[in-house]
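The values are calculated or read from the model by the stated rules, or taken from the named source; none is laboratory data. Quick caveat: nothing in here was measured; it's all calculated off a predicted structure. Methodologically, a virtual Cβ is constructed for each residue, glycine included, from the backbone with ideal geometry; neighbour enumeration extends over all protein chains shown.
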């Protein structure tokens, strides 16, 4: 399997060291994640871009679903390529493709062209995540440090997304959303350059085609992985509501892109306030060696409750409160899912497993707007709230059989 970094130090034998020195590759990926999220205006403002084109609610949902379908395909593709051709080459390829695809989306106006451009953009949108997940698992040998790195990775994602929402809300009127999408393309080009300059070349022999096929068969037959995917799909559908169904709900209430930007400001404030505290707490939880299935269940309920509450909001303040209350669930769900994924994935297929798990984000991006569109058409805001809450509860329920499978796979705390 490929690596982009070697462990910065040996395992922490005392188990009490709060931090360790991270290698340049990890910091590069951390900064790059913040860069493409902080200037990642495309997805959060895509519903408003489509609304400005005077499309129907059903058409908007279809284009957003096409974006999600591309995201689903891309997650598997980039995870598989991370094992096959290496982290560095995979990321450079993805970011250069994004540099071309995003301006095409900004320029398209006809529905077929919009759908095709949204699908292509979705393929490259989340390419960093499976590569970064695999890099963390390869670089750090102990669960506690992996949990800490994943927590700060998600911090950079959350803050970056909130920055994009806030800055995008301020700049949407003077610059126009198509120009914001072009800025997103420039950020991807900059990340490609950063990866080319800072990430080392391949240090280990890549897997052969036969090994790659064996890893695929292992993943496809892993019941724990598929149950984690189902549970994550439910929980992350609630997360995706923040960026898909919430703008749709706000648009129905006559609120603007600038108003939506304030919800992202509230989300960012909560992330900045809670992340340092929750990250330290999550690291201590990881040090116990106990799988985080219980934390996953609690976060799914939290997300379903907070984002379901958005269905009862009608003002910018109400939507902002829902966005802020979702933050604890957002932070915990990604760290808990990464912990469970690390326990399930074999060392030779970490990129593939991360890519397959990443399809839950894509699936959530497809389901959230489709579910919101259906609920708004047939029952209005209250039905949208009820469906979101139900999906969150289902994710929590699925975590219990998942706990059994994780314990069977690793009856003792993971130390690899």
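In segment 298-315, is there at least one residue being at pLDDT 90 or above and within 26 Å of residue 79 (Cα to Cα)?
Yes, segment 298-315 contains at least one residue that is at pLDDT 90 or above and within 26 Å of residue 79 (Cα to Cα).
To keep it simple, each residue is scored yes or no on (1) assigned to a loop (DSSP other than H, G, I, E, B); (2) at pLDDT below 90.
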site: 1; (1), (2): yes, yes
site: 11; (1), (2): yes, yes
site: 21; (1), (2): yes, yes
site: 25; (1), (2): no, yes
site: 30; (1), (2): no, no
site: 40; (1), (2): yes, no
site: 49; (1), (2): no, yes
site: 94; (1), (2): no, no
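Can you list residue pairs whose Cβ atoms sit under 9 Å apart, with the first residue in segment 286-299 being at positive phi and surrounded by fewer than 18 Cβ atoms within 10 Å (Cβ to Cβ) and the second being part of a loop (DSSP other than H, G, I, E, B) and at pLDDT below 95? Count only pairs 6 or more apart in sequence or on different chains.
Final answer for the pair search is 289/412; 289/413; 289/414; 289/415.
Residue under question is residue 120, and the condition is that it be out of contact with any strand residue (DSSP E or B) (no Cβ under 6 Å at 6 or more places or on another chain), buried (at least 23 other Cβ atoms within 10 Å of the Cβ) and in a helix (DSSP H, G or I); does it hold? Spell out the reasoning first.
Values: out of contact with any strand residue (DSSP E or B) (no Cβ under 6 Å at 6 or more places or on another chain): yes; buried (at least 23 other Cβ atoms within 10 Å of the Cβ): no; in a helix (DSSP H, G or I): yes.
Taking the combined requirement at face value, the residue does not satisfy it.
Against the conditions (1) within 25 Å of residue 125 (Cβ to Cβ); (2) crowded, with 23+ Cβ neighbours inside 10 Å; (3) modelled with pLDDT of 85 or more, where does residue 374 fall short? Just the number, please.
So the condition that residue 374 fails would be (2).
Within segment 341-349, identify whether any single residue is under 17 Å from residue 243 (Cβ atoms) and surrounded by fewer than 20 Cβ atoms within 10 Å (Cβ to Cβ), and answer yes or no.
Step one: of segment 341-349, the residues under 17 Å from residue 243 (Cβ atoms) are none.
Looking through segment 341-349, none of the residues is under 17 Å from residue 243 (Cβ atoms) and surrounded by fewer than 20 Cβ atoms within 10 Å (Cβ to Cβ).
Applying the selection to segment 101-113, what residues are assigned to a helix (DSSP H, G or I), more than 16 Å from residue 180 (Cβ to Cβ) and in contact (Cβ under 8 Å) with a residue 24 or more places away in the chain?
Let us first name the residues in segment 101-113 that are assigned to a helix (DSSP H, G or I), namely 101-107, 111-113.
Pick out the ones that are also more than 16 Å from residue 180 (Cβ to Cβ) and you get 111-113.
Hit for segment 101-113 is 111, nothing else.
How do the pairs read when you match residues in segment 309-322 that are closer than 17 Å to residue 376 by Cα with residues anywhere that are part of a loop (DSSP other than H, G, I, E, B), using Cβ under 6 Å and keeping only pairs 6 or more apart or on different chains?
The qualifying pairs are 314/253; 319/313.
Mind checking whether some residue in segment 55-71 is closer than 25 Å to residue 241 by Cα, modelled with pLDDT under 90, out of contact with any helix residue (DSSP H, G or I) (no Cβ under 8 Å at 6 or more places or on another chain) and part of a loop (DSSP other than H, G, I, E, B)?
Scanning segment 55-71, I find at least one residue that is closer than 25 Å to residue 241 by Cα, modelled with pLDDT under 90, out of contact with any helix residue (DSSP H, G or I) (no Cβ under 8 Å at 6 or more places or on another chain) and part of a loop (DSSP other than H, G, I, E, B), so the answer is yes.
Which one is farthest from the chain's Cα centre (by Cα), of the residues in segment 71-83 that are surrounded by fewer than 24 Cβ atoms within 10 Å (Cβ to Cβ) and farther than 23 Å from residue 193 by Cβ?
Among those residues, the one meeting the criterion is 80.
For segment 311-333, which residues satisfy the criterion of being under 22 Å from residue 157 (Cα atoms) and over 20 Å from the mean Cα position of the chain (by Cα)? Give the derivation first.
First, the residues of segment 311-333 that are under 22 Å from residue 157 (Cα atoms): 319-333.
Those that are under 22 Å from residue 157 (Cα atoms) and over 20 Å from the mean Cα position of the chain (by Cα): 319, 320, 321.
Residue under question is residue 158, and the condition is that it be part of a helix (DSSP H, G or I), over 17 Å from the mean Cα position of the chain (by Cα), over 22 Å from residue 200 (Cα atoms) and in contact (Cβ under 8 Å) with a residue 60 or more places away in the chain; does it hold? Before the answer, list the steps.
Values: part of a helix (DSSP H, G or I): yes; over 17 Å from the mean Cα position of the chain (by Cα): no; over 22 Å from residue 200 (Cα atoms): yes; in contact (Cβ under 8 Å) with a residue 60 or more places away in the chain: yes.
Against the criterion (part of a helix (DSSP H, G or I), over 17 Å from the mean Cα position of the chain (by Cα), over 22 Å from residue 200 (Cα atoms) and in contact (Cβ under 8 Å) with a residue 60 or more places away in the chain), residue 158 does not qualify.
Since residue 107 meets every condition but one in (1) farther than 24 Å from residue 251 by Cβ; (2) modelled with pLDDT of 90 or more, which condition does it not meet?
Answer for residue 107: the failing condition is (1).
At negative phi, modelled with pLDDT under 70 and surrounded by fewer than 20 Cβ atoms within 10 Å (Cβ to Cβ): is that true of residue 217 in this structure?
no
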